[in-house]
Amino acid sequence: NDPYTWEGGLVEAPWIVKYEGFYFMFYSSNVFNTDRYALGVARAQNLLGPYTKSPNNPFAHSDLYWAGPGHCSVIPVIPQVDTTSPNSPQYLMFYHSYRQGAVGDGFPRTLVMDGVHFTNDHWPYLDHYSPSFGPTPIPGTY
């Protein structure tokens, strides 16, 4: 981690998936009980690295509705779903976040889910670089 960036003094909770010849490592950084906690992603062509951090980090961060998203699990979309549509996610990310304004108030973090998409240059992204505010249907169920 680089303590002088958004990552602060902590990097934790790595989760690695392979997609189109790259290994993507999603990770959480900064202090978990603040709105600075966020998700980053790095990629490599070999499981053991070296990994390059995304120029779009943090991958997911606080916004008007959510604070401190982090600690994710990323799973492939079920095979029966048509993932060739430009709007179809390739993976689903499950992670937690506080509601904005509730950090430190004793309220638990909420489990959230969003689809992970990939740019043409093979970097993953969420639709808004932050958790969705409205309901997100699981692909194949709507």
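A few points about this structure:
- Over the range 1-71, relative contact order from alpha-carbon pairs under 8 Å, at least 6 apart, %: 26 percent
- Computed from phi, the 3J(HN,Hα) profile of the range 71-77 under the Karplus parametrisation 6.51, -1.76, 1.60 (θ = phi - 60°) reads 6, 9, 10, 10, 10, x, 5 Hz, with x in place of Gly and Pro.
- Put simply, the convex hull of the Cα atoms in the range 1-84 casts, on average, a shadow of 6.8 nm².
Throughout, read-outs are computed from the coordinates displayed, never taken from laboratory work. These numbers come from a predicted model, not from an experiment.
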